[in-house]
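Worksheet: the structure to be examined is printed underneath.
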Amino acid sequence: QMGLSQVINASEELAMALKFPNVRVFTAADEHSREELTDLMKIELPWSVPSAGVLDGGNFSHFSAVCWLFGRYLYESQKHPVGLVESCWGGTPVEAWSSERALQKCGLAKPKHSFQNAGASWDNTVLWNAMIHPLLNMTIKGAIWYQGEQNTEYHQDLYNCTFPAMIDDWRMAFHQGSGGQTSPVFPFGFVQLSTYKKTSLSDAFPNLRWHQTADYGFAPNPRMKNTFMAVSLDLGDEASPWGR
């Protein structure tokens, strides 16, 4: 959720926003639900033409810098209009973004499992229910994913199952929800978990990085077809004011 105002060359990037009116942005508000919803509970940012004001919503809010920069790259390389839908919530585990049927494939059925973080409690499926399920009737071309830190502490050993199972399930659900207009194998990109502390002796982050690829060490692979990984192993910045 790091915003464009938090990148190193923020002023330059924000000033360029008006040059890309054919890239439109939309943000779902952070909400959770114990039941699958058919519509979003709230919208953080309605469909908008990008500008410095639109993209600079404050620290860790409004619109993701990663999402914007990736979408802008797509527009520049593909030469056609791009719509970016942001639905994310920092500090959350993959289980919260997964449907019950996906979790069942990894042995995580009811009763609910709960993850505690900074005073918040994350039950399985609550973000899938409120922030993904309402979007299923949209036709999408692909998805990008930046998550993993919280699963170094929660069901780390299952991530080699839960992450690929979530990708499979999203593909199936978007394909069915869009009446077949979304590809059942749409591209899914993710960011490799970076180094947290260079002097750390913990194996939590290395283990999670391995599990991000279903234990193959690379992507795409036979278990995670049509995926791509942004390698960030050596990009951790311990001096960053925003965290690593």
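Once the Cβ-Cβ distance between residue 223 and residue 22 is put in as r, and R0 is 45 Å, what FRET efficiency do you end up with, to the nearest 0.05? Walk me through the numbers before you get to the answer.
Values: r = 36 Å, r/R0 = 0.80.
The computed FRET efficiency comes out at 0.80.
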Margin query: Going Cα to Cα from residue 225, which aspartates and glutamates come in below 17 Å? Please leave out same-chain ones fewer than 8 positions away.
Written below: 168, 169, 215
Next item on the list: Any chance you could look up the accessible area of residue 155 with a 1.4 Å probe, heavy atoms only, rounded to 10 Å²?
Entry: 40 Å²
Check: How about the stretch 26-110: which GluC sites (Glu not before Pro) there are in a DSSP loop, with at most 12 other Cβ atoms within 10 Å of their Cβ?
Finding: 35
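Got the relative contact order for the stretch 153-218 handy, in percent, Cα pairs under 8 Å and 6 or more residues apart?
Values: 42 pairs, mean separation 29.7, N = 66.
Result for the stretch 153-218 is 45 percent.
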Next item on the list: Just read off the accessible area of residue 66 with the full protein assembly in place, 1.4 Å probe, to the nearest 10 Å².
Entry: 70 Å²
Margin query: Connecting C-alpha atoms closer than 10 Å in a GNM of the chain, tell me which of 18, 37, 135 has the biggest fluctuation.
Written below: 18
Next item on the list: Restricting attention to the chain, give the cysteines that have no other cysteine Cβ less than 4.7 angstrom from their Cβ.
Entry: 67, 88
Next item on the list: Provide the percentage of antiparallel DSSP beta bridges, counting only those with both residues in the chain; round to the nearest 5.
Entry: 40 percent
Checklist line | Neighbour cut-off at most 13 other Cβ (10 Å), DSSP loop, trypsin sites (Lys or Arg not before Pro), the stretch 1-108 | finding: 34, 42, 79
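Tell me, Kirkwood radius of the chain from alpha-carbon pair distances, in Å? The partial results should precede the final answer.
On the way: mean 1/r = 0.0534 Å⁻¹.
Computed over Cα pairs of the chain, the Kirkwood hydrodynamic radius comes out at 18.7 Å.
Just to confirm a number: summing +1 for Lys and Arg and -1 for Asp and Glu over residues other than residue 138 whose beta-carbon lies under 14 angstrom from that of residue 138, what do you get? Display every interim value, and only then the final one.
Details: positive: 24, 141, 171; negative: 39, 86.
Result for the local shell: +1.
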Margin query: Taking every alpha carbon pair in the stretch 115-224, what does the distance histogram look like in 5 angstrom bins from 0, in percent?
Written below: 2, 11, 19, 21, 19, 15, 8, 3, 1, 0, 0
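The values are calculated or read from the model by the stated rules, or taken from the named source; none is laboratory data. As the structure is a prediction and not an experimental result, all values here were calculated from the model. When we count neighbours, we look across all protein chains shown, and the Cβ atoms used for this are built from the backbone with ideal geometry, even at glycine. Heavy atoms of the whole protein, side chains included, go into the accessibility calculation; ligands, DNA and RNA do not. Shrake-Rupley method; radii C 1.70, N 1.55, O 1.52, S 1.80 Å.
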